[in-house]
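S.K.: The following block contains the structure, expressed as structure tokens.
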Amino acid sequence: MSQVGRDMSRGTGPGAALLRAGRVLAAMWRLGLAEAVAYRAAMLVWILTTTFPLVSLALWYSLAADGPIGDYGRADFVAYFVAAFLIRQLTASWVVWDLSAQIASGDLSTLLMRPVHPLLHHLMQNLAALPVRMALALPLGVLVLVLAGGISAAPGLHLLLVPLAVVLAWLLGLCVQTCVACLAFWVTSSTSLFEVWLGLYMVLSGYAVPTSLFPAGLVAVVRYLPFHASLGFPVELTIGRLSGPEIAAGFATQVVWLVLFGGLARWLWRRGLRAYGAVGA
């Protein structure tokens, strides 16, 4: 038996540590999935409250009846807003509400006593809910496509990059929400601040209208903001509306914002824990 095998059989060494970590993550995944299934009705209600892209589709589809608007025809709007609806489901999370409530109530102390990092707990809880969320949202998206008569987007190699763009968008949203939630270490209403972020997101991400239809000067700015990186870029990549340089710029923008907000979230978490411990929570 190799040294690695002997270490794993004795429960020591890096191999055994990785095995234990894998078992812990699997257990957290199963727990999060069971919770998502148990609360599937509440999740369906949440999904129905995030159908704004489909409402926007009805508006823009009607407006484009007499001809294209900008570079979008009726079929283009169908592809865009159905993709926006589904990618919104894939990239959404609720860390800001759960974590800020735990900080305010003192329940964070229980998570801090567990052998896994509290943020890893929230990450796995949100990740485990994705299959249930998509199982509920995908039929609605397909129904809209059928009723609208299909889409104009054609398959291509760009689709191979979509999963990476969606993962980066999800991580970016998670980091932003963690940053805002950590403000609960010092303020009593951090979720109110997130409502400001959410308002800007709805306007500037492409959630309500494709950013390419914005005035030219505004487009040049909006496409490099974290809001567009969180939704507009993955959507446009999915429906094949980006050139090679635009794809590279989109991924670079996602990575830059992810590094910035990830670093800020880490700093706020560490400083916040000091404040949290200082008051004896």
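S.K.: Per-residue accessible area for residue 98 at 1.4 Å probe radius, Å² rounded to 10?
M.R.: We get 50 Å² for residue 98.
S.K.: Please list the three semi-axes, largest first and in whole Å, of the ellipsoid equivalent to the range 66-207, using sqrt of 5 times the eigenvalues of its alpha carbon gyration tensor.
M.R.: Rounded to whole Å, the semi-axes are 35, 17, 13.
S.K.: Hey, another quick one. What is the pair-distance distribution P(r) of the range 95-136, computed from all Cα-Cα distances in 5 Å bins starting at 0, with each bin given as a whole percent?
M.R.: Histogramming the range 95-136 at 5 Å steps yields 5, 21, 26, 22, 13, 8, 4 percent.
S.K.: Here's a follow-up. So what does residue 257 come to for accessible area, using a 1.4 Å probe and Å² rounded to 10?
M.R.: Here the accessible area works out near 60 Å².
S.K.: Beyond 17 Å, what share of the Cα-Cα pairs of the range 181-281 remains, rounded to the nearest whole percent? Can you show the working numbers first?
M.R.: Working: 3067 of 5050 pairs.
So the pairs more than 17 Å apart make up 61 percent of the total in the range 181-281.
S.K.: Per residue, what accessible area does the range 119-230 have, given a 1.4 Å probe and all protein chains present, in Å²?
M.R.: Values: 5010 Å² over 112 residues.
I get 45 Å² per residue for this part.
S.K.: Out of the total accessible area of the range 232-281 (probe 1.4 Å, heavy atoms of protein only), what percent is carbon and sulfur? Before the final figure, lay out each step's value.
M.R.: Values: 1710 of 2570 Å².
Carbon plus sulfur share of accessible area: 67 percent.
S.K.: Once you list every other residue whose beta carbon is under 15 Å from the beta carbon of residue 71, what net charge do they have if Lys and Arg are +1 and Asp and Glu are -1?
M.R.: Charge balance in the 15 Å sphere: 0.
S.K.: Would you mind pulling out the separation of the Cα centroids of the range 168-236 and the range 105-121, in Å?
M.R.: Cα centres, the range 168-236 to the range 105-121: 27 Å.
S.K.: Using a 1.4 Å probe and counting only protein heavy atoms, arrange 55, 166 so the residue with the most accessible area comes first. Walk me through the intermediate numbers first.
M.R.: On the way: 55 85, 166 20 Å².
Final ranking, largest accessible area leading: 55, 166.
S.K.: With all protein chains present and a 1.4 Å probe, how do 74, 20 order by accessible area, largest first?
M.R.: Descending order: 20, 74.
S.K.: With a 1.4 Å probe and all protein chains kept in place, how much accessible area does residue 202 have, in Å² rounded to the nearest 10?
M.R.: Accessible area of residue 202: about 70 Å².
S.K.: Suppose the Debye formula is applied to equal point scatterers at every Cα of the range 58-118; what is log10 I(q)/I(0) at q = 0.17, 0.20, 0.28, 0.30 Å⁻¹?
M.R.: Here log10 of I(q) over I(0) equals -0.67, -0.79, -1.04, -1.11.
The values are calculated or read from the model by the stated rules, or taken from the named source; none is laboratory data. Everything numeric here is computed off the predicted structure, so don't read it as measured data. A quick note on method: Cβ atoms are made from the backbone with ideal geometry, for glycine too, and the neighbour counts reach across all protein chains shown. With ligands, DNA and RNA removed, areas are computed over all heavy atoms of the protein, side chains included. Shrake-Rupley method; radii C 1.70, N 1.55, O 1.52, S 1.80 Å.
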